[in-house]
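Structure, as structure tokens:
The values are calculated or read from the model by the stated rules, or taken from the named source; none is laboratory data. Since this is a predicted model, take the numbers as computed values, not measurements. We place every Cβ from the backbone using ideal geometry, glycine too, and count neighbours over all the protein chains shown. When the accessible area is computed, the model is the full protein with side chains, heavy atoms only, and any ligands, DNA or RNA have been set aside. Shrake-Rupley method; radii C 1.70, N 1.55, O 1.52, S 1.80 Å.
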Amino acid sequence: MTPMTEDDLTQAVLQRLSDAKDPRFKQVMTSLIQHLHAFIREVDLSPDEWMTAIQFLTATGQACTDKRQEFILLSDTLGASMMVVMLDQMRAARRNAGNGGHSPTPATEATVQGPYYWEGAPILPLGSDIAPGVPGEPAFYSGRVTDTRGQPLAGATLDIWSGDGEGVYDMQVDGAGMAARARIRTDTQGRYWFWSIKPSYYPVPVDGPVGRMLDGMGRHPNRPGHIHMKVYTPGHVTLTTHLFVANSPYIDSDAVFGVRPSLVVDFESHPAGKAPDGRAIDTPYWSAHYDFRLEPA
Ligand code: BEZ
Ligand code: FE
């Protein structure tokens, strides 16, 4: 028998996939094995280093609970989540282009969902304050939801969530109910408006293995101020995105690589007085305007 080389080893592992039933699974696993073997060879990984990696992945699994998903945080901080989001949106756009693509304006860009989405937020009327009593500076949000041809989408839902003005999400507070979240529906002209707070930057959770990894990489764990939304209506691709506060700290170095220039919004400051919705407001406030475009399904 001829001695086995490193190349032979890779080929031997790939051979064992010859009976894989699902072609897509076979394609993904083939590529994974090729890249994994090439990576181990490229960095000349030692047994101690491989054991460190295995212990890290074990600790990542052990840190997961029904409230915490450390593997998603790992994916987020390595840019893998954002890569999947970007490819998925490009796939939808390509599909429409292939269908006689009518889209003169691309859909609003998507970004990561993150761990703080909570299904079933209250459905509130247009113009509501979705964060009463939540610490933070008031902000008035408004804009329109259209399709990629600019046709208004009446009755589209914006499912909105954010941390408070100090960067803390309701889900991070033991026993707290929903706060700074709501579902709002657009009017007959596709318009929306609501009040919340101006969100602050905040760190992703760092008290687990991913925090240790970031520290080892010499990276900060912060995300710039942002408000999340899922925007959806039947017949259109659901958009999961954020609006980022222009000039927020960390706007150029988001720990999860979610910032896209098209999602950065100027928050305008206003003195106390009559707000754009006619309401009298006795403190200074901010306003942010953004129009969302949804891809036809
Ligand atoms: C967030 O924006 O809520 C988030 C996203 C990824 C990791 C941690 C938090
Ligand atoms: Fe967030």
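Listed values, structure above:
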| read-out | value |
| --- | --- |
| Per residue, the convex hull volume that the Cα atoms of the stretch 98-237 enclose (Å³) | 147 |
| List Lys230, Lys21, Lys274, ordered by accessible area with a 1.4 Å probe, largest first | Lys21, Lys274, Lys230 |
| Calculated from backbone phi, Karplus (6.51, -1.76, 1.60) coupling profile of the stretch 48-56 in Hz, x at Gly/Pro | 5, 5, 5, 5, 4, 5, 5, 5, 5 |
| The chain: most fluctuating residue of Arg185, Arg279, Arg212 per GNM, C-alpha cutoff 10 Å | Arg279 |
| Computed lengthening from Asp215 to Arg279, 0.36 nm per intervening residue step minus Cα-Cα distance | 18.4 nm |
| Amide H contacts under 5 Å for Gly143, placed H, 5+ residues apart | Tyr192, Tyr290 |
| R0 of 22 Å, Cβ-Cβ distance Glu166-Trp118: FRET efficiency to nearest 0.05 | 0.70 |
| Rounded to whole Hz, the Karplus (6.51, -1.76, 1.60) HN-Hα couplings of the stretch 73-79, x for glycine and proline | 4, 4, 4, 4, 6, 8, x |
| Share of carbon and sulfur in the accessible heavy-atom surface of the chain [1.4 Å probe, %] | 56 |
| Value at 222 nm in deg cm²/dmol, rounded to 500, when DSSP H runs of n ≥ 4 in the chain each add -39,500 (n - 2.57) | -9000 deg cm²/dmol |
| Listed residues Thr240, His289, Leu263: farthest to the positive end of the dipole of the stretch 209-297 (Cβ charges) | Thr240 |
| Proximal lysines to Lys274, defined as alpha-carbon separation beneath 29 angstrom and excluding residues fewer than eight positions away on the same chain | Lys198 |
| Rough spin-label spacing in nm, given labels placed 7 Å along Cα→Cβ, for His289 and Met90 | 3.3 |
| Residue with peak Gaussian network fluctuation, the chain [Cα springs, cutoff 10 Å], from Pro234, Pro249, Pro47 | Pro47 |
| Residue-wise HN-Hα coupling along the stretch 5-19, computed from phi with Karplus coefficients 6.51, -1.76, 1.60 (Hz; x: Gly, Pro) | 8, 4, 4, 4, 4, 4, 4, 4, 5, 5, 4, 5, 8, 4, 9 |
| Gap separating the Cα centres of the stretch 234-275 and the stretch 54-75, nearest whole Å | 28 |
| GNM flexibility winner over the chain from Phe56, Phe267, Phe25 (Cα, springs under 10 Å) | Phe25 |
| Accessible area expressed per residue, the stretch 71-294, with surrounding protein chains retained (probe 1.4 Å, Å²) | 47 |
| Mean projection area, nm², convex hull over Cα of the chain | 20.1 |
| Sequence-distant residues sharing a close amide H with Thr111 (under 5 Å, placed H) | Thr240, Thr241, His242 |
